[in-house]
Amino acid sequence: ILGIAALVAINAFQENLYDQIISQSKELLGADLVVESAKKILPNVKEKLEAIEGEQASEISFASMVLFPKTGGTRLVQIRGLEGGFPWYGKINTEPPAAANSFQKERKALVDQTVMLQFGVEVGDSLKIGDSFFEIGGALKSVPGQSGIASMVAPALYIDKQYLAETNLLQKGSRLFYNYYYRFEEDAKLATVLKDLEPVLEKEGLDFSTVESRKARIGKSFGNMSTFLNLVSFIALILGCIGVASSIYIYIKGKLSTVAILRCLGVQSTDVFAIYLLQILVMGFIGAILGAILGSAIQFFLPVIFNDFLPVEITMQLSWRAILQGIVTGLGMAVLFALIPLLAIRRTSPLRVLRVSEDKGGKRDLLTWGIYGLILLSIFGFAWWQTKNVLEGLAFTGFILLSFLILGGVAKLVMLAIRRF
């Protein structure tokens, strides 16, 4: 139940996250095109960038200490000197809301709200950046495309770009980052601009991002996280299936006398096998349904847990695909593991009614080994489906098999020790 719940919750979370990334793709970037550089751009390249038709904005950012005279506290922050109307998609959320639009018109700064709480400063207090003082114009709550975790080391602090020179921090040796933002009226314009600009950017070693590239990058990052969590959940499901196999083994062991009586009454071994298989299917299906219900409930708490890592606001909805996938995967694995002890029914002789102590069973038949093969194939198939890589799927399956062999070896040693001592 818990393994299926984990699979359903994580797959539903992944599906909802992808939907939100697609629907909020432009808010992830805040512009149609961003050109990024970790060095000062040469004049000839800068002329080409400034000649691009469309709305433009620029930003210089760097890490620096700031001083809060009110409390005497200092903090490492990411200074962002912004010029222009960026962001065009989404918005800079501040308290008060008007501060996001007014800070560039006045000598004011937007300070991360957690920093303001940490140092006990309020809107209207002053702060010092380098050699210059600024008034705190508002508390910065969020910026398009930036997750909360990104602000833990060096939270953002926004001022107007024209005041950066007064701080005397833009000196030789300063680690500066340059961003140029563009917005176009038509999507076709972006393709035309990139066709002319891309060779220049590659020659100068400059990076650029579009809505599609940022969407793909974020989708890949969270896809990797979801794949990892899915594999962890699958291991939890396998451990649960080992418990299922152990329970079925004990259950069937207590029912072998009943099976022998049924055989004496003329019931075929396949029919007896079908009776207990049906019981397992019903119990497994109930467990799978309970796991799906639990997982569907858990998924609504995942955005709270991952909130600081998410660059988009996520609204959770039930994912029937994730529910069906969890039920099928969980039920299939549970039945496969349960079949191993269940197959012993086929070899139960009617003579067990008279000679219980003599019934030791036979060697594992080909069907049992076939079930083991199906289990390994299922593990590989799930890993391959998640990672989209044959070698990684084989490696995952191999390590699972190695873990099983180690656990089995430890169990044998414990049993030998108990018999000996």
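The values are calculated or read from the model by the stated rules, or taken from the named source; none is laboratory data. Not measured: the values here are computed from a predicted model. Here the Cβ is made from the backbone with ideal geometry for all residues, glycine too, and neighbour counts use every protein chain on show. Areas reflect the complete protein model, heavy atoms only, side chains present, ligands, DNA and RNA absent. Shrake-Rupley method; radii C 1.70, N 1.55, O 1.52, S 1.80 Å.
Scanning the stretch 387-421 for residues that are open to solvent by less than 60 Å² (accessible area, probe 1.4 Å) and without any contact (Cβ under 8 Å) to a residue 40 or more places away in the chain yields a total of 10. If you go through the stretch 61-72 and pick out every residue that is open to solvent by 20 Å² or more (accessible area, probe 1.4 Å) and closer than 30 Å to residue 190 by Cβ, you end up with 0. With respect to being open to solvent by less than 50 Å² (accessible area, probe 1.4 Å) and in contact with a helix residue (DSSP H, G or I) (Cβ under 6 Å, 6 or more places away or on another chain), residue 12 fits the description. Looking across the stretch 15-58, the residues that are closer than 30 Å to residue 305 by Cα, of a type outside the set (Val, Ile, Thr) and either open to solvent by 30 Å² or more (accessible area, probe 1.4 Å) or in a loop (DSSP other than H, G, I, E, B) (or both) come down to 15, 18, 19, 20, 23, 24, 26, 27, 30, 31. Quick one: how many residues across the stretch 237-275 are assigned to a helix (DSSP H, G or I) and farther than 26 Å from residue 400 by Cβ? Within the stretch 237-275, residues that are assigned to a helix (DSSP H, G or I) and farther than 26 Å from residue 400 by Cβ number 19. One residue is enough: does the stretch 341-360 have a residue meeting the conditions small (Gly, Ala, Ser), part of a helix (DSSP H, G or I), over 30 Å from residue 21 (Cα atoms) and open to solvent by 30 Å² or more (accessible area, probe 1.4 Å)? There is at least one residue in the stretch 341-360 that is small (Gly, Ala, Ser), part of a helix (DSSP H, G or I), over 30 Å from residue 21 (Cα atoms) and open to solvent by 30 Å² or more (accessible area, probe 1.4 Å). Only strands (runs of 3 or more DSSP E) whose full extent lies in the stretch 136-219 are considered here, and the ones with at least 1 residues that are farther than 24 Å from residue 65 by Cα and under 29 Å from the mean Cα position of the chain (by Cα) are 177-183, 207-210.
Taking every residue in the stretch 281-308 that is under 23 Å from residue 114 (Cα atoms) and aliphatic (A, V, I, L, M) and pairing it with any residue that is assigned to a helix (DSSP H, G or I) and open to solvent by less than 20 Å² (accessible area, probe 1.4 Å), at least 6 positions away or on another chain, the pairs with Cβ-Cβ distances below 7 Å are 302/9; 302/13. Only one of the listed residues (195, 215) is within 30 Å of residue 310 (Cβ to Cβ), of a type in the set (Lys, Arg) and either open to solvent by 70 Å² or more (accessible area, probe 1.4 Å) or touching a helix residue (DSSP H, G or I) at 6+ places or on another chain (Cβ under 7 Å) (or both). That residue is 215. When we screen 234, 228 for residues that are surrounded by 14 or more Cβ atoms within 10 Å (Cβ to Cβ) and either touching a strand residue (DSSP E or B) at 6+ places or on another chain (Cβ under 7 Å) or part of a helix (DSSP H, G or I) (or both), the only hit is 234.
When the test is whether a residue is at pLDDT below 90 and hydrophobic (A, V, I, L, M, F, W, C), residue 143 passes it.
Checked against (1) touching a helix residue (DSSP H, G or I) at 6+ places or on another chain (Cβ under 8 Å); (2) more than 14 Å from residue 11 (Cα to Cα); (3) among the hydrophobic types (A, V, I, L, M, F, W, C); (4) open to solvent by less than 60 Å² (accessible area, probe 1.4 Å), residue 267 passes all but condition (1). Would you be able to say whether some residue in the stretch 190-209 is out of contact with any Ser or Thr (no Cβ under 6 Å at 6 or more places or on another chain), within 27 Å of residue 94 (Cβ to Cβ) and basic (Lys, Arg)? Taking every residue of the stretch 190-209 in turn, none turns out to be out of contact with any Ser or Thr (no Cβ under 6 Å at 6 or more places or on another chain), within 27 Å of residue 94 (Cβ to Cβ) and basic (Lys, Arg). As an exercise: evaluate residue 108 against (1) over 30 Å from residue 196 (Cβ atoms); (2) within 32 Å of the chain's Cα centre (by Cα) and give the number of the one condition it does not meet. Status for residue 108: all satisfied but (2).
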